[in-house]
Structures are given as structure tokens and as C-alpha cells.
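Participant: After the C-alpha cells below, expect a handful of questions from me.
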Amino acid sequence: MKKRVVVIGGGLGGLFTGAILAKEGLQVTVLEKNINIGGGLQTFFRNGEEFETSMHILGGFQPGGTLDKICIYLGIAGCLDFAPDGNDCIDRVTYLCDGAEYRLPGGREAFVAYLSGRFPSEAAGIQGFVDLMYSMAAEVDIFNLRPTENFLAAHSIDFFRPIDEVMAGYVSDPRLKELLSFINPMYGGVKGHTPAYVHAIITVLYLNGQSKFRGGSRQLTKALVGVIEGHGGHVEGGCPVTSIGVGQKNVTYVETADGVRHMADVYVSAIHPCALLALLPPGTFNRTFTARLNEIPNSYSAFSAYFVMKPGMFPYLPGVNFCQRDYGTCWNLADTADGVWPLGMMYITPCDNRQGRWARKVIVNCVMEFDEVRRWEHTCLGARPKEYDEWKRGKVAQITDIMGQLYPGFGAMVEHSYSASPLTIRDYYGVKDGSLYGYRKDSCNMALSQMSVFTKVKNLMLTGQCINLHGICGVPLTAINTAEGILGLNVVVNKINEAYEKGL
């Protein structure tokens, strides 16, 4: 009989892990608490318009990229429709304080040349820093889909150092430091804490080629579900796990809200580790490990505004757009001590199936700590008080005002607007404090923030963005780690490379 696997959580990590294991012949059941499958891949509809909730900008799907190879192996590369953003300007950064605009190109050489042209006295440092980022990314076997000898590896001296400290050894201009750090809202960077390797991997991933889904992120959910079900597995939405049975250091079943007990040989948790703890019997893990899971700091959350634009009013913008009020804020975007919010924001225009010159939608994401909504933390979706709705409208007005400074008359271009707060993220994704990127990686205590895919419960494994890497690329790579913990070291990586080479 096939080995049976139950995956708890049908987000990006659960679906990729389930798809890999199903393709390798295991009998997979994925249990997702939301009716809609996909986690960060979920979309929602308002007045006939579809909005992505999270996966707005993609890295690694270009031909020969990490995710392209994984999708070829899974047989879904031809099912996905991407809009490449080109390399002329993959990211635009604007500062309101002086109106300066930087149009950052894609590609390693072009990126270095552009910044060297803007900061000629720092050219050598820019080259050295970018070279270091690529060197660090090359150290990570799984990021390069390279077979490894073991799950532990030795790294260069700067690998775990805080990225801001490493950067300061190469460049000195404060504006340049901001530009080299602009991408940190995409991984929850914190000054003095975020390890250099995290910044390196995200930077290299997007410099090597970025794109958007043409027609929304739901297509990836559909493709991954298709792999699981096409190999005899099941993906069940609206099926929250309410408890997990454990005996003699083995999971014996997981029970769902309908009272059904699902039994398997191996269980994979693709939910936040703190959410997993709430499902396990007391004493499953020792006190030290339980305390550790509860004490690891989580990355910050966000407030998002979704705008439907009047036809022919707002241009389609390739790439990602970042706006900051002033220099010196990219490392403390969550700091609202002086009452100013947002200090910065990221905005994009999603790509429709027949995208032309004009954008129909604009999505704006602003960093926000959960403390901003803690007064309503005991409320739930559909039952928030009126004051919460008024608070949200006020935040949307603040965002509209900043967009109006960038695009005069923006408010008059808007047909409808919607919003989501850290509470929305918490409740839809089931993550502690609405954390965008799960556990925060901390160079001051790497032992605390690094998680293994294995647990002390013999047949219970972990996957998802809290474990190794986060995001559209990091989570599938962690899924490979988890799958190989079941199938054997390098089994999946070797098959991914074989599938890619066969298709060349």
C-alpha cells in the first residue's frame, strides 16, 4: 500500500509539499480550514473584480529559474501564465521629501551600472556588495537546487551577520544604503537583526528576473491541487483541524471540525507552529521547545488598500513601486511612535488577462504592527464593530492622500476601494499576530529562529515559511526539504534537475 500523508494547511507550503509527495507516489490528503484553498495564493472578488491577497510580484519563474525548474518537474509549467516585467525598471523607488526617483533595472550588471552612475564615488563598494550578495546566495544548496551532503552546512563569515552592518562595510552614502535596502519590506527586515543571507537570497531572486501572474495567483493553486488530485490525493477546503492525537511520540490521528478522524503514516504541519501547538495535547513537546515556539518574534504585518480605478484613468505600471516619506526609514517602517503613518508603502498594478495601457486595479501595501489593531483582536471576520470600519476608512484616506502626491488627482480616479488589516491577515491565514512572513530570522540568536523540518514526534514534520525561507520561492524550497525528510536526501532535487535537463 502507498504510504499515507496528511498535510495540515492548504497554503503555499502545504500545496507544494503535498504535490511533491503525491507525484512521488504517496497518498496525500490536504486539510485546509478555509473554504478557499491557497493561503497567500488566495484571491477575492468585489463587484466582479478579482484581487490577489499576497503573491503580487514573483521571482524565480523565468526560464531556468528555481521555480521554473520545480514547476517543470511537477508538470505544471505550461499551466501558468506570467507577465514578465522586463529588465529596464523592475523596481521604482520614490522619496516624498525631495521628489527623487530611482528606476532600478533588473540583471546583476545593469543594477550595478545604474547605481554606480547615480553614486559614482561608491562604484567599487556597490560592485563589491552585489558580488557578495550573489556569493552568499550561491552558498545555499537548496536555493540553487543543488544536491547536498547533509542538512547542515558551513557558511562564510558574513552569512549570519546583520545585513545593515555588512552593507556599511561596503558603502557609506545614507541614500545609497536606503536603495540597497529597499527590498526589505518583502522579507520583514529589521535593523541589527536580519541576517545578510536573507537579504542576499531575496535580492538575487528578483534581480535575476521578476514577473506577475497574468490573471491572478489562483492559477497556481489550481495547478498544485491538480497535481495532488491527479495522483490520487485529496484537497479538502472548509475542513479545519481541531485536534491532533498523539501516543508514544507518534501522531495517531488528526480530527477535523466535522468529527472525522484522518489517519496516516506521516503528518505534515503547514501552519504556524504556534497554531500547531494549540492542536496538540499538552506535553507533546517539552517545555523548553514549547517556550521557544512562543517566544520567537514574528515579522510585522500590513495594512492593504485595494483600489478599482475608473477606465482609462491610471496607467499600468510594470514592476514594483516603493514610496518612502524620507530617507532613513526603510528599516523602521513599522515605527509609528510620532503618529506618522505610513512611513512608506509598496504599490503595484496587477496584470489582467488582456492587459493594455491602463490599469483597472491598484494594490497598496503598508507595513503595520499588530498592536495597531489589538483592541479588536477578539473580534472575528464579519463581526467587527463600527469603529473598526471607521478606522479602516481613515487609513485608506491616508494612503489615498500619499498616492495623490505621487499621482495628482488620484482620489478622483478611484471607482471603489477596499481594505484589509492585520486582523484580516491573521484570520484568513491563521498566523500569529497577522505576521506577513512568519517567524523573524534573527542574527543575534540564530539558534532561536532556525527551525528544522523534523520534530520530536517521530511522524510529524513541519513545512511553511516559519521553517526555513519565506515567500513565493522560499516556501516551495522548504517544501522540498520536508518532502526529502520523508523520501530521502536529494531525491527530489535530483529529479527536479533531471526533469529540467530532459526538457532542454
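The values are calculated or read from the model by the stated rules, or taken from the named source; none is laboratory data. Predicted, not measured: the structure shown is a model, and the values here were computed from it. Here the Cβ is made from the backbone with ideal geometry for all residues, glycine too, and neighbour counts use every protein chain on show. These accessible areas exclude ligands, DNA and RNA; they are computed on the full protein's heavy atoms, side chains included. Shrake-Rupley method; radii C 1.70, N 1.55, O 1.52, S 1.80 Å.
Participant: Would you work out if the stretch 249-309 is rounded, prolate or oblate? Take a ≥ b ≥ c from the square roots of the eigenvalues of the alpha-carbon gyration tensor; rounded if a/c is under 1.5, else prolate when a/b is larger than b/c, oblate otherwise.
Facilitator: oblate
Participant: Once the Cβ-Cβ distance between ALA278 and ILE157 is put in as r, and R0 is 45 Å, what FRET efficiency do you end up with, to the nearest 0.05?
Facilitator: Calculated value: 0.70.
Participant: How many angstrom lie between the Cα centre of the stretch 69-90 and the Cα centre of the stretch 146-221?
Facilitator: 21 Å
Participant: Rank ALA168, ILE57, LEU31 by how far each Cα sits towards the positive end of the charge dipole of the chain (+1 on Lys, Arg Cβ; -1 on Asp, Glu Cβ) and give me just the farthest.
Facilitator: Selected residue: LEU31.
Participant: Turning to a different aspect of this structure: When a/c is below 1.5 the answer is rounded, else prolate if a/b is larger than b/c, else oblate, so apply that to the stretch 11-150 with a ≥ b ≥ c taken from the square roots of the Cα gyration tensor eigenvalues.
Facilitator: oblate
Participant: Measure up LYS2/LYS458; LYS23/LYS222; LYS441/LYS495 against 22 Å on the Cα-Cα distance and list the ones that go over.
Facilitator: The pairs that break the limit, which is 22 Å between Cα atoms, are LYS441/LYS495.
Participant: How compact and how long is the chain, expressed as Rg and Dmax of its alpha-carbon atoms in Å?
Facilitator: Just the Cα atoms of the chain yield Rg and Dmax of 22.1, 67 Å.
Participant: Principal axes first, then extents: for the Cα atoms of the stretch 199-352, list largest minus smallest coordinate on each axis, whole Å, largest first.
Facilitator: Extents along the principal axes: 59, 43, 32 Å.
Participant: Among all the aspartates and glutamates, which ones have a C-alpha under 20 Å from LYS432's C-alpha, if same-chain residues fewer than 8 places away are not counted?
Facilitator: GLU32, GLU295, ASP335, GLU369, ASP371, GLU372, GLU377, ASP442
Participant: Tell me the per residue accessible area of the stretch 78-169 using a 1.4 Å probe; a whole number in Å² is fine.
Facilitator: Accessible area per residue, the stretch 78-169: 47 Å².
Participant: Kindly point out which whole DSSP H helices in the chain project their C-alpha atoms 15 angstrom or further along the helix axis while averaging a Kyte-Doolittle hydropathy of 1.6 or above.
Facilitator: The qualifying helices are 196-207.
Participant: For the stretch 440-481, what is the accessible area per residue in Å² when the probe is 1.4 Å?
Facilitator: So the stretch 440-481 comes to 32 Å² accessible per residue, rounded to a whole number.
Participant: Next up: If the chain between GLN405 and ASP326 were fully stretched, how many nm would it gain, using 0.36 nm times the residue separation less the Cα-Cα distance?
Facilitator: Full extension of this stretch gives 27.1 nm more.
Participant: If I take R0 = 51 Å and measure r between the Cβ atoms of MET313 and ALA113 in this structure, what FRET efficiency does the formula 1/(1 + (r/R0)^6) give, to the nearest 0.05?
Facilitator: 0.90
Participant: Oh, and also: If packing is taken as the average count of other Cβ atoms within 10 Å, what order do 67-77, 227-237 fall into, highest mean first?
Facilitator: Top to bottom by mean Cβ count within 10 Å: 67-77, 227-237.
Participant: What's the extension gain from ASP81 to ARG354 if we count 0.36 nm per residue and subtract their Cα-Cα distance?
Facilitator: 97.1 nm
Participant: Could you tell me the distance between the Cα centroids of the stretch 456-493 and the stretch 255-302, to the nearest Å?
Facilitator: 16 Å
Participant: I would also like to ask the following. Per the 1.4 Å probe, what fraction of the accessible area of the chain, in percent, lies on carbon and sulfur atoms?
Facilitator: The C+S portion of the solvent-accessible surface of the chain is 51 percent.
Participant: Then there's this: Can you list the lysines whose alpha carbon is less than 19 Å from that of LYS386, not counting same-chain residues fewer than 8 positions off?
Facilitator: Within the straight-line cut-off, LYS386 pairs with LYS395.
Participant: If you wrap the stretch 128-196's Cα atoms in a convex hull and average its projection over all directions, what's the area in nm²?
Facilitator: With the hull built on Cα positions only, its mean projection is 5.1 nm².
Participant: Let me ask something else. Using only alpha carbons, build the gyration tensor for the stretch 109-260 and give me the equivalent ellipsoid semi-axes, biggest first, whole Å.
Facilitator: 41, 21, 16
Participant: Classify the stretch 291-375: rounded, prolate or oblate, from the alpha-carbon gyration tensor (a ≥ b ≥ c, eigenvalue square roots; a/c under 1.5 rounded; otherwise prolate if a/b is larger than b/c)?
Facilitator: Taking the square roots of the gyration eigenvalues as a ≥ b ≥ c, the stretch 291-375 is prolate.
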